[in-house]
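Notes for the one structure printed next.
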Amino acid sequence: MTDTDDKTEDKKPLTLSAKTLTLTKGGDRGLHVRQSFTHGRSKTVAVEVKKKRVVLPGQETGKTKQSGSDKSLNSAGLSSKEIEERLQTIHGTMKTQVLESEKNRLEAALQEEKASAEALASEEASTVPSDLLAPIPDEGAHKKKPIHSIYKGEDDEASRKGEDKLKVPVTKRLEPRRRHGKMTVNQALRADEDKPGRSLASLRRQREKRKMAGMEVPQQKIIRDVIIPEVITVQELANRLAERSADVIKTLMNMGVMATITQSIDADTAELVATELGHKVKRVAESDIEIGLHIKENDEKKLISRPPVVTVMGHVDHGKTSLLDALRKTDIVSGEAGGITQHIGAYQVSLKSGAKITFIDTPGHAAFTEMRARGANVTDIVVLVVAADDGVKDQTIEAIRHAKAANVPIIVAINKIDKPGADPEKVRTMLMQHEVFLEKMGGDVLDVEVSAKDGQNLDKLEETILLQAEMLNLKANPDRFAEGVVVESKLEKGRGVVATVLVQKGTLRVGDLFVAGAEYGRVRALVDGRGNQITEAGPSVPVEILGFNGAPMAGDDFVVTDNESQAREVSAFRQRRAREAKSALSARGTMEQMFSQIAAGEIKDLPIIIKSDVQGSMEAISGTLLKLSNEEVKVNILHAAVGEITESDVTLAKASRAMIIGFNVRANPQARDAARRDGIDIRYYSIIYDVVDDIKASLGGLLSPTLREKYLGAAAIREVFSISKLGKIAGCMVTEGIVKRGAKVRLLRDNVVIHEGTLKTLKRFKDEVKEVREGYECGMAFEGYNDIKTGDVIECFEIEEIARTLT
């Protein structure tokens with residue numbers, strides 16, 4: 001029996017022959033197994049299998065003769081073929097047994113290694129907090145290499161050493177790898193660290209694939225309500241819109257605004273950008289900080305009657321302070337220099353009937369005008385004091401003008417009737433010349449004859465004031481934050497800034513925080529008109545207040561606030577606004593701005609102050625200018641007097657937004673400085689007709705112009721062409737006059753007007769032209785209209801504006 005090493009397809013490594021049964025040398029020379037270790041090391045192992053020899057019954061192990069073997073095999077009754085098949089079966093069974101034994105041995109070794117690894121891991125985990133352990137993904141857990149077969153063929157021989165080696169399967173370590181680097185809090189808290197997340201690029205690719213496949217629904221644009229201040233940078237606008245800065249800059253470029261990301265734009269431009277991008281805009285201004293500062297009264301049940309506020313006005317030394325002193329039953333005149341009032345005083349008088357009246361004594365009318373110029377509506381009633389022996393004087397007339405401009409009812413107090421030369425009727429007659437019609441003269445103005453020295457008819461004057469106040473129905477709510485007006489302010493040594501405030505609404509208490517014009521503070525003390533300290537002051541009560549951080553102006557509003565931060569913010573805003581107004585050129589009283597306001601409907605009349613050198617010239621100018629009034633524009637002469645232009649005239653012009661006309665007179669230095677400071681327009685004339693022509697021409701320019709149509713020409717449509725980008729183009733022949741681009745056109749069909757508009761384009765051949773004359777051909781297209789047909793007629797015309805003049 002011999003071995004053969006055939007390389008044919010039917011390999012039969014075991015054969016029966018006369019010789020003994022042997023195995024072919026060499027074993028499984030081509031079988032190798034790669035064995036992996038820690039830290040990436042590996043080793044290739046050659047697997048060799050040592051096979052046992054199979055001895056059949058009756059077969060000798062040593063060398064036997066051919067005759068003996070044949071005799072023993074033949075004695076078993078088997079043929080050579082059957083013996084070969086049985087040997088192959090036995091050999092296959094042995095190989096299976098060897099494979100199973102090696103497999104069991106390897107599995108036992110793996111189980112032992114796994115147990116040792118788990119024990120080591122549990123020992124390390126006992127020293128490390130469990131929440132900081134993050135297992136490292138084991139790639140070998142789901143990617144196992146197949147175990148190679150031990151046998152390649154039945155004809156494999158043993159190795160050189162005479163024994164076969166089994167190929168060990170590749171195994172991966174089961175314990176987690178040692179962590180490299182420091183652990184972060186996010187890594188410790190992540191429960192899914194063993195499942196690495198997808199990258200942003202991967203997610204982006206997935207979205208693109210879904211979008212291309214139609215699976216991704218496009219996100220709807222979020223419309224936001226954006227608050228836009230007066231000035232905002234492009235970057236801040238993009239952040240508030242939640243849009244890319246590039247998109248905002250692109251929108252600005254489309255609007256013709258070239259701005260970088262750090263530049264500021266105004267609120268109007270920002271609103272256009274936000275609207276273009278589909279967002280809603282809410283405009284806020286810096287002055288919105290004053291919103292809610294003044295509270296409106298809605299509950300009329302809380303309103304109660306309040307005392308009237310009366311201002312005493314009149315000419316110098318006509319007895320204003322003496323009359324007030326008689327009403328108050330105190331001697332104030334004795335404490336003043338020369339018997340003339342040197343300061344503004346506000347006092348409240350309690351009458352025998354229990355009623356109260358608040359009086360404001362002013363040095364002439366200047367302070368009254370200053371307060372009215374600042375928008376302060378302080379006075380309810382004006383008591384005009386006229387001396388019965390002196391009559392109407394210059395300051396009396398100015399006081400009448402100021403009272404009428406403020407639209408305040410007047411009560412005339414004819415004082416000094418106890419003097420021998422008193423003539424009340426003469427005073428009434430003189431007042432009629434200045435449009436003050438008393439009841440005794442058939443008018444509606446109340447008058448009382450009084451004597452401040454003797455106290456005659458003072459009670460009648462008080463009854464008249466209360467009657468007029470009852471007709472005005474004066475009411476206020478005391479249960480709210482106080483509001484009022486600053487009457488005067490001054491700086492006193494040892495007390496600081498002291499201001500006289502007239503409370504108009506609510507109740508003012510000690511400790512209240514307030515804002516007065518551009519100043520703010522806290523009420524430290526309240527002093528009434530008699531010098532007594534009080535804790536609170538109701539409506540129509542004048543008090544002196546200590547606690548200002550700066551001196552306010554006369555006529556500034558006084559408002560109590562909730563907290564100090566609001567008062568400080570309002571004060572800072574008003575101071576900043578005052579600085580900006582002072583730095584800018586004020587043109588509030590200029591003639592051009594007044595005319596623009598008249599044209600815009602803001603002013604229905606034109607206020608004028610006239611100062612002349614003689615009475616005749618003043619009356620002539622006043623009468624002529626009054627005749628220029630019509631239904632659209634009215635000339636309102638606030639004051640006309642003889643003499644130079646004084647500071648009082650400028651003050652009145654500032655309060656009434658009027659212009660000053662000086663005829664053969666000039667303004668004194670004080671008036672010039674005040675006019676330059678307040679922006680009041682003063683015009684000088686020496687010829688009456690120049691004054692009339694100037695005012696007439698100016699007022700005539702304010703009248704609405706007359707519109708008239710001017711016929712230019714006509715063209716007949718010969719052919720109609722359709723162009724994709726331009727629409728329908730009419731090929732025309734100008735039959736009459738001239739056709740101009742930009743002019744108004746009218747389309748006629750069968751002498752019936754079917755359209756009226758403007759020309760969009762006017763071409764001759766391929767060139768755009770301004771006009772085409774009679775006898776030439778041209779192409780025309782209408783703006784927003786394409787219903788044109790052959791045979792239609794196009795008329796061209798212009799609208800002329802004819803200026804109207806005053807007649």
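For N786, the criteria (1) at pLDDT below 90; (2) open to solvent by less than 90 Å² (accessible area, probe 1.4 Å); (3) more than 48 Å from the chain's Cα centre (by Cα) hold in every case but one, which is (3).
For residues in segment 360-415 being touching a Lys or Arg at 6+ places or on another chain (Cβ under 7 Å) and open to solvent by 10 Å² or more (accessible area, probe 1.4 Å), which is modelled with the highest pLDDT?
Taking segment 360-415 first, the residues touching a Lys or Arg at 6+ places or on another chain (Cβ under 7 Å) are 361, 373, 385, 387-389, 391, 406.
Those left that are additionally open to solvent by 10 Å² or more (accessible area, probe 1.4 Å): 373, 389, 406.
Working: A373: 54, D389: 83, A406: 80.
So, considering only residues that are touching a Lys or Arg at 6+ places or on another chain (Cβ under 7 Å) and open to solvent by 10 Å² or more (accessible area, probe 1.4 Å), the one modelled with the highest pLDDT is D389.
The set of residues in segment 512-526 being open to solvent by 20 Å² or more (accessible area, probe 1.4 Å) and part of a strand (DSSP E or B) consists of L513, E519, Y520, R522, R524.
Determine, yes or no, whether A554 is assigned to a strand (DSSP E or B) and open to solvent by less than 40 Å² (accessible area, probe 1.4 Å). Even if it seems obvious, please write down each step before you answer.
Numbers: assigned to a strand (DSSP E or B): no; open to solvent by less than 40 Å² (accessible area, probe 1.4 Å): yes.
No: the conditions fail for A554.
The requirement of being open to solvent by less than 20 Å² (accessible area, probe 1.4 Å), in contact with a Lys or Arg (Cβ under 9 Å, 6 or more places away or on another chain), at pLDDT below 90 and on the phi < 0 side of the Ramachandran plot is not satisfied by L726. Please verify whether segment 307-319 includes one or more residues that are of a type outside the set (V, I, T), at pLDDT 80 or above, open to solvent by 50 Å² or more (accessible area, probe 1.4 Å) and in contact with an Asp or Glu (Cβ under 9 Å, 6 or more places away or on another chain). Looking for residues that are of a type outside the set (V, I, T), at pLDDT 80 or above, open to solvent by 50 Å² or more (accessible area, probe 1.4 Å) and in contact with an Asp or Glu (Cβ under 9 Å, 6 or more places away or on another chain), one finds none in segment 307-319, hence no.
A residue that is in contact with a strand residue (DSSP E or B) (Cβ under 9 Å, 6 or more places away or on another chain), at pLDDT 85 or above and among the hydroxyl-bearing types (S, T, Y) occurs nowhere in segment 654-665.
When segment 580-625 is filtered for residues that are at pLDDT 75 or above and not aliphatic (A, V, I, L, M), the ones remaining, listed by number, are P607, K611, S612, D613, S617, E619, S622, G623, T624.
What do you reckon, is A715 in contact with a strand residue (DSSP E or B) (Cβ under 6 Å, 6 or more places away or on another chain), of a type in the set (G, A, S) and buried (at least 18 other Cβ atoms within 10 Å of the Cβ)?
yes
All of (1) out of contact with any helix residue (DSSP H, G or I) (no Cβ under 8 Å at 6 or more places or on another chain); (2) buried (at least 17 other Cβ atoms within 10 Å of the Cβ); (3) under 17 Å from V312 (Cα atoms) hold for E463 with one exception: (2).
Each row is one residue, and each column tells you yes or no for (1) within 42 Å of the chain's Cα centre (by Cα); (2) within 24 Å of N407 (Cβ to Cβ); (3) not in a strand (DSSP E or B).
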site: L606; (1), (2), (3): yes, yes, no
site: I610; (1), (2), (3): no, yes, no
site: E619; (1), (2), (3): no, no, yes
site: A655; (1), (2), (3): yes, yes, yes
site: R683; (1), (2), (3): no, no, no
site: V692; (1), (2), (3): no, no, yes
site: R708; (1), (2), (3): no, no, no
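Do we find that G531 is under 30 Å from V450 (Cβ atoms), of a type in the set (G, A, S) and surrounded by fewer than 16 Cβ atoms within 10 Å (Cβ to Cβ) in this structure? I'd like the intermediate steps shown before the answer.
On the way: under 30 Å from V450 (Cβ atoms): yes; of a type in the set (G, A, S): yes; surrounded by fewer than 16 Cβ atoms within 10 Å (Cβ to Cβ): yes.
It is true that G531 is under 30 Å from V450 (Cβ atoms), of a type in the set (G, A, S) and surrounded by fewer than 16 Cβ atoms within 10 Å (Cβ to Cβ).
In segment 260-284, the qualifying residues are those that are more than 20 Å from I223 (Cβ to Cβ) and not in a helix (DSSP H, G or I), and the one that is least open to solvent (accessible area, probe 1.4 Å) is I265.
Just to be sure I understand the filter: pairs with C-beta atoms under 7 Å, separated by 6 or more residues or on different chains, first member in segment 292-311 and farther than 27 Å from S350 by Cβ, second member at pLDDT 75 or above and open to solvent by 50 Å² or more (accessible area, probe 1.4 Å). Which pairs pass? Taking only residues 6 or more apart or on different chains, the pairs are I295/F481. Return a yes/no flag: does segment 244-259 have any residue that is within 30 Å of I289 (Cα to Cα) and open to solvent by 70 Å² or more (accessible area, probe 1.4 Å). Looking for residues that are within 30 Å of I289 (Cα to Cα) and open to solvent by 70 Å² or more (accessible area, probe 1.4 Å), one finds none in segment 244-259, hence no. Scanning segment 750-788 for residues being in a loop (DSSP other than H, G, I, E, B) and within 21 Å of K725 (Cβ to Cβ) gives a total of 8. For segment 416-456, a tally of residues being in a loop (DSSP other than H, G, I, E, B), surrounded by fewer than 17 Cβ atoms within 10 Å (Cβ to Cβ) and not aromatic (F, W, Y) returns 14. The single condition among (1) in contact with a Pro (Cβ under 6 Å, 6 or more places away or on another chain); (2) open to solvent by 10 Å² or more (accessible area, probe 1.4 Å) that R509 does not satisfy is (1).
The values are calculated or read from the model by the stated rules, or taken from the named source; none is laboratory data. Every value quoted in this text rests on a predicted model; they were computed, and no experiment measured them. Here the Cβ is made from the backbone with ideal geometry for all residues, glycine too, and neighbour counts use every protein chain on show. Accessible surface areas use protein heavy atoms only, side chains included; no ligands, DNA or RNA. Shrake-Rupley method; radii C 1.70, N 1.55, O 1.52, S 1.80 Å.
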